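To start, the structure itself, in C-alpha cells.
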Amino acid sequence: MKPHPTIWDWPLRVWHWAFAGFIAFSLYSGLSGDIGLLEWHQRSGLVLLGLLVFRLGWGLWGGRYARFRHYWTTPSAFIDHFRRRGRPGAHTSPGVTLAVVLLAAAAVQVCTGLVTTDDIFTAGPLHQYVSDELARTASWIHHRVHWLVLGAGVVHLAAHTVYAILRNPTPLAMFTGRKRLELPATPHFWVRAAVTSLLALGVALTVTYAERLF
C-alpha cells in the first residue's frame, strides 16, 4: 500500500507545537494575576516574536503547503466545506480562516506587548522608543486582543476534538506530517529552515537587547 504523502514538513510541525505551547503559557501567565510570572510572560512573548518571524519567512519560502499562497479561501468555499462539497486539499477553508485569524491576533498581541508598560512592574523592551500615548494605546489593545487569541485557540481545539470523535485522521497530521490526499509530497528544505531559524533568532535577540544595542 502506497504511504500517504508528507504534507506538513518537519519545520512547520515543530513550529506548530512550539507556537501552541508558548501561546498557552503566555495566556496563562498574563491572565493568572501572578505578578511573579510577568517576567516570564515577557520572555514568552519574545519567543513568540521569533516564532512569528519564522512563520512569516517559512510562509514565503518554506515547504510547499506552508507557503501563504496556499492560504486562500472564499466565503463560498467556507460554506461548501460544511456542506461536504469542498474539494480535498492540504488546507480546509475553515482551517485557513482560523489560521489567519490566530496568526494575525497573535502578531498584534506580540507587537503591542513590545511597547506596553504599566509604569510599575514591567515594560516591553521597546517602550522607550514610543510616545506615552502610543504606549497607552498599545496597552489597551494588548489587554483585549488576547480574548481573540484564546477564542481562536478554543475553536481550534474543539474542531480537532470533533475530528477525533469522528475518527478523522486530521488531528494526527501535525504529528506525522501525512494526510490522506492525492497530492505531491512536500520536499525537505534543510538549509532554508536553518537560515529562517537564524533570522527569527536574530530578530528576537535584537528586540530583547535593543536598549543595550541602541
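The sole residue among L166, L213, L157 that is aliphatic (A, V, I, L, M), modelled with pLDDT of 90 or more and exposed (fewer than 14 other Cβ atoms within 10 Å of the Cβ) is L157.
The numbered conditions (1) farther than 22 Å from W10 by Cα; (2) surrounded by fewer than 18 Cβ atoms within 10 Å (Cβ to Cβ) are all true for H127 except (2).
Any idea which of V203, V155, V195 is of a type in the set (A, V, I, L, M), under 20 Å from A24 (Cα atoms) and part of a helix (DSSP H, G or I)? So the residue among V203, V155, V195 that is of a type in the set (A, V, I, L, M), under 20 Å from A24 (Cα atoms) and part of a helix (DSSP H, G or I) is V155.
Let's see how each residue does on (1) part of a helix (DSSP H, G or I); (2) among the aliphatic types (A, V, I, L, M); (3) at pLDDT below 90:
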residue: P3; (1), (2), (3): no, no, yes
residue: L12; (1), (2), (3): yes, yes, no
residue: W40; (1), (2), (3): yes, no, no
residue: F78; (1), (2), (3): yes, no, yes
residue: R87; (1), (2), (3): no, no, yes
residue: H91; (1), (2), (3): no, no, yes
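Here the range 7-18 is the region considered, the condition is being surrounded by fewer than 20 Cβ atoms within 10 Å (Cβ to Cβ) and touching a residue at least 60 places away in the same chain (Cβ under 8 Å), and the residue that is nearest to V108 (Cα to Cα) is H16.
If you go through the range 22-39 and keep only what is free of Cβ contacts under 8 Å to residues at least 12 places away in the same chain and either exposed (fewer than 14 other Cβ atoms within 10 Å of the Cβ) or hydrophobic (A, V, I, L, M, F, W, C) (or both), you end up with S32, G33, D34, G36, L37. Checking each residue in the range 100-123 for being modelled with pLDDT of 95 or more and among the small types (G, A, S) picks out A104, A105, A106, A107, G113. Of the residues in the range 185-198, at least one is at pLDDT 95 or above, within 19 Å of the chain's Cα centre (by Cα) and hydroxyl-bearing (S, T, Y). Being exposed (fewer than 14 other Cβ atoms within 10 Å of the Cβ), more than 15 Å from V149 (Cα to Cα) and among the basic types (K, R) holds for only one residue in R43, R55, R67, R84, and it is R84.
Taking the range 42-68 as the range and being touching a residue at least 40 places away in the same chain (Cβ under 8 Å) and more than 18 Å from L199 (Cα to Cα) as the test, the residues that pass are Q42, R64, Y65. Taking the numbered list (1) at pLDDT 95 or above; (2) more than 18 Å from S26 (Cα to Cα); (3) among the hydrophobic types (A, V, I, L, M, F, W, C) in turn, V145 passes all entries but (2). Candidates in the range 104-121 are the residues that are surrounded by fewer than 15 Cβ atoms within 10 Å (Cβ to Cβ) and farther than 17 Å from L51 by Cα; of these, the one that is nearest to the chain's Cα centre (by Cα) is D118.
The values are calculated or read from the model by the stated rules, or taken from the named source; none is laboratory data. Everything numeric here is computed off the predicted structure, so don't read it as measured data. Ideal geometry is used to build each Cβ from the backbone, glycine not excepted, and the neighbour counts take in all protein chains shown.
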